[in-house]
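Each reported figure results from applying straightforward, stated rules to the coordinates on display, with no laboratory input. Bear in mind that the values here come from a model prediction, so they are computed numbers and not experimental data. Because the Cβ atoms are built from the backbone with ideal geometry, glycine has one as well, and the counts that use them run over all protein chains shown.
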DNA sequence: TAAAATTTGTGCGTATGTATT
DNA sequence: AAATACATACGCACAAATTTT
């Protein structure tokens, strides 16, 4: 599975595709540390900057998280809190701004927020840890 | 409002902050075209690559969209379709992978997807055009 | 129609800084 | 202290899409 500099798809997207496949297929399990930027660059014969871009793609998709000085890790599933709704409500989602991400303790990219509106009550929830359950008539 | 190379916050984030403020305050209205990479680089005395990174931040937040050869534009609000739910259902959100984004006709970054599960029925919806309405007892 | 200019995209190399091991 | 690893920033070159001349 070699990268092709002449292909239509950019190198950094091709590399992101390869790693995404490894994650979705389970070859890279949750919690596992990816190889370093330099290792990946050498193995795939691309520049370090190209690898960085590929990892940025995967961070934006919420598949990995990166810690400076440590490395990049496949995201582990978070325990999901079920948010119970009985009455009328609206639910939407969007990306957080940096202040919201900081407040919710989520990465700058990769994790959307759920907005739950019940009357005047509006809740902002990190989407990676919450699931809204609509349960009519069980007050 | 000059950028500070010695500040704790990286230059590209400082620049993203400046532009985000302009958008949220309305100084940059929906639909408006941003200045070009080179213009922004010259005005703020940073490299073009730094501007690109700043715009990538704003794309990931869903605030702007960029078209090659045209420029970057402040996102215009989309008409929201209300998805009506009467019975039991679960709603969650996450970032799409590239295939899903393409199918839904949304950018690679910036727009989460809403997942609505009603029994065996599972719907994937672009979050920028849908709002889920829980309306119990109105079959 | 054609050419040129504009604008963003991709890729690399390099240097420096910061955090972790 | 030293090595490793990621983050930031810049410059350059070329490609690709669009707009203007």
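Below, the figures for the structure above:
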| read-out | value |
| --- | --- |
| Per-region count, the stretch B:1-22, residues within 21 Å of residue B:67 (Cβ to Cβ) and touching a helix residue (DSSP H, G or I) at 6+ places or on another chain (Cβ under 8 Å) | 5 |
| Test result for residue B:70, out of contact with any helix residue (DSSP H, G or I) (no Cβ under 8 Å at 6 or more places or on another chain) and loosely packed, with under 13 Cβ neighbours inside 10 Å | yes |
| Meets criteria (within 14 Å of another protein chain (Cβ to nearest Cβ), surrounded by fewer than 20 Cβ atoms within 10 Å (Cβ to Cβ), more than 10 Å from DNA strand C (Cβ to nearest atom) and not in a loop (DSSP other than H, G, I, E, B)) for residue A:22 | yes |
| Given (1) within 13 Å of chain B (Cβ to nearest Cβ); (2) near DNA strand C (Cβ under 10 Å from one of its atoms); (3) in contact with a strand residue (DSSP E or B) (Cβ under 6 Å, 6 or more places away or on another chain), index of the condition residue A:91 fails | (2) |
| Test: residue in the stretch B:27-50 that is under 21 Å from residue A:109 (Cβ atoms), within 14 Å of another protein chain (Cβ to nearest Cβ), in contact with a helix residue (DSSP H, G or I) (Cβ under 7 Å, 6 or more places away or on another chain) and surrounded by 16 or more Cβ atoms within 10 Å (Cβ to Cβ) | yes |
| Within the stretch A:26-117, strands (runs of 3 or more DSSP E) holding 1 or more residues that are away from DNA strand D (no atom under 14 Å from the Cβ) | A:81-85, A:89-94 |
| Residue that is farthest from residue A:115 (Cα to Cα) [pool: residues in the stretch B:115-139 that are within 7 Å of chain A (Cβ to nearest Cβ) and either surrounded by fewer than 18 Cβ atoms within 10 Å (Cβ to Cβ) or in contact with a strand residue (DSSP E or B) (Cβ under 6 Å, 6 or more places away or on another chain) (or both)] | B:137 |
| Subset of the stretch A:78-88 [closer than 24 Å to residue A:63 by Cβ and more than 10 Å from chain B (Cβ to nearest Cβ)] | A:78, A:79, A:81 |
